[in-house]
Each structure stands twice: as C-alpha cells, then as structure tokens.
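Laboratory data are not the source of any read-out in this text; all were calculated from the coordinates shown. Keep in mind that what you see is a predicted model, and the values were worked out from it rather than measured. Note that we place each Cβ from the backbone using ideal geometry, even for glycine, and neighbour counts take in every protein chain shown.
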Amino acid sequence: MPFWTASADTKKHLQTHGVRSVKIIPYGVSTVALENLPDKPLDLPLRLVVVSRLAPNKRIDNAIRVVKCLAEKNVPAQLTVVGVGETEGQLRRLAKDLQISDRVIFTGLLSETKKDGQLRHAHFLLHTSVREGWGLNVIEANAMGTPAAVYPVAGLIESTLHDETGIVADKETPESLARALPEIFKSPEKYARLRVNAWNRSKTFHWSQILPLACDWLEEQAAKRISK
C-alpha cells in the first residue's frame, strides 16, 4: 500500500517499518505570503516569537531560557509566546524565576490576522520542539518575511534550511541558539538574504501549489486500483 508523507525523516521511519512505497508531498499552508517584503531593520531588543501549543514536547521553556542567555550576553531580547496549553503556568513561573518576566509576553490564543501580525513583527520565530513532522509555523513565519531559528531535530531541519532560509542551532540547547542569534548582527545583509529566501520559498508551500500535486498523486493511485 502506498503512503504519502511530508518529510524525508517520516519517510525513513516508515521504511524501517517495512513500508516500501512512500511519496513525499509537502504540507501546505493557508497563509498567503506578503505581496511585498518591507524592510525590517535588525534593531534592539531582538524580537522573538513562539507560536505553539504550550506542551512539554514543545520545550517552550528552552525558548524562554534563550532570552535569559541573551541577557547574560548583554543582548536585550523580547519573546512573545502565542498559544495556550498545560505548561503555561510553569512557563510563567520560569520567566519570573529567571527575572525576565518583563521580557516574556504571553498572548494566549490569537486570531489568524493577529498571529500573522506577531510573526511579521518578529525578527525570528523560535522553534525548540523535541521533534516535528515538519513545522508548519516555520513556513507561516517565512510567509510574513520572518526567518526561523530552530533546534537541529527531525522536521525542523527540513522546514528551515540552515543559512538559506533561517538558522539551525548546533545543539538542542538554549545556549546554542543564544550563540547563533547575535552573530546575525554582524551581517545585516545575511539577515536580509535569509528573509528574502524564506519569503520566496514559503510561496511554494501555499495550498494553491501543493493541492494539485496531492490530487494528481491520489488520482494516480485510484487509477492503479481500478485497473487491477
């Protein structure tokens, strides 16, 4: 039986379980890329955003610790956390314990329009999950002209192309991301390039581009079944 998945990592996992036929068709997004990409100066404080369910496997605590690590490097940063979930109370306490409550904003759930506004305003989307099947919010951020800075885990290393559309940290630690982010200030032209590349790539993941591919493949599979 043929399978359809969005990532090479998931394809490998399926193949280890004996699945022989796996087609990769990317996940689509409904977010429409900005018509024009406005300038976004790299000014301080560094504006970071997380858009996620607040759950243990998302490791939002790591994103909060990135802000603390940056502060220790004298790099002021502000983190906006968009989403709700069971770990919200713990995350709020962590920000307080680290004495950075004034630098971490919890917005709760937002409308798509307001969420896109937060993504557009940020310098980087942070993504520190244990793993992802892909990372749709990376592409959503890219569509708003915002690159991602992510952990080197399954899914995220496919949705974010290191030094092309964003930053992939060396390790799964807040310290690693906190080392990588300030480096971008040394090369504003690199940041501009990441933004343009991410924005252009995001357009290829809109459902208007992905759905025809998926439909063609499904029709092909149906035709094979009928012909048997």
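Key figures for this structure:
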{"item": "Every residue from the range 154-166 that is part of a strand (DSSP E or B) and surrounded by fewer than 20 Cβ atoms within 10 Å (Cβ to Cβ)", "result": "His162"}
{"item": "Residues of the range 93-125 satisfying the condition of being of a type in the set (Ser, Thr, Tyr) and in a helix (DSSP H, G or I)", "result": "Ser101, Thr113"}
{"item": "Within the range 183-213, tally of residues that are touching a strand residue (DSSP E or B) at 6+ places or on another chain (Cβ under 8 Å) and either in a loop (DSSP other than H, G, I, E, B) or surrounded by fewer than 16 Cβ atoms within 10 Å (Cβ to Cβ) (or both)", "result": "2"}
{"item": "Index of the failed condition, Thr16 passing every other in (1) surrounded by fewer than 19 Cβ atoms within 10 Å (Cβ to Cβ); (2) under 18 Å from His123 (Cβ atoms)", "result": "(2)"}
{"item": "Filter result (over 16 Å from His206 (Cβ atoms), in contact (Cβ under 8 Å) with a residue 60 or more places away in the chain and not in a loop (DSSP other than H, G, I, E, B)) within the range 10-43", "result": "Thr10, Lys23"}
{"item": "The range 178-207 - residue that is small (Gly, Ala, Ser) and touching a residue at least 60 places away in the same chain (Cβ under 8 Å) and, of those, farthest from Glu140 (Cα to Cα)", "result": "Ala178"}
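Rundown of residues vs (1) surrounded by fewer than 22 Cβ atoms within 10 Å (Cβ to Cβ); (2) charged (D, E, K, R); (3) in contact (Cβ under 8 Å) with a residue 40 or more places away in the chain, yes/no style:
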{"position": "Pro45", "(1), (2), (3)": "yes, no, yes"}
{"position": "Lys73", "(1), (2), (3)": "yes, yes, yes"}
{"position": "Gln78", "(1), (2), (3)": "yes, no, no"}
{"position": "Asp97", "(1), (2), (3)": "yes, yes, no"}
{"position": "Asp102", "(1), (2), (3)": "yes, yes, no"}
{"position": "Gln118", "(1), (2), (3)": "no, no, yes"}
{"position": "Asn142", "(1), (2), (3)": "no, no, yes"}
{"position": "Thr146", "(1), (2), (3)": "no, no, yes"}
{"position": "Pro152", "(1), (2), (3)": "yes, no, no"}
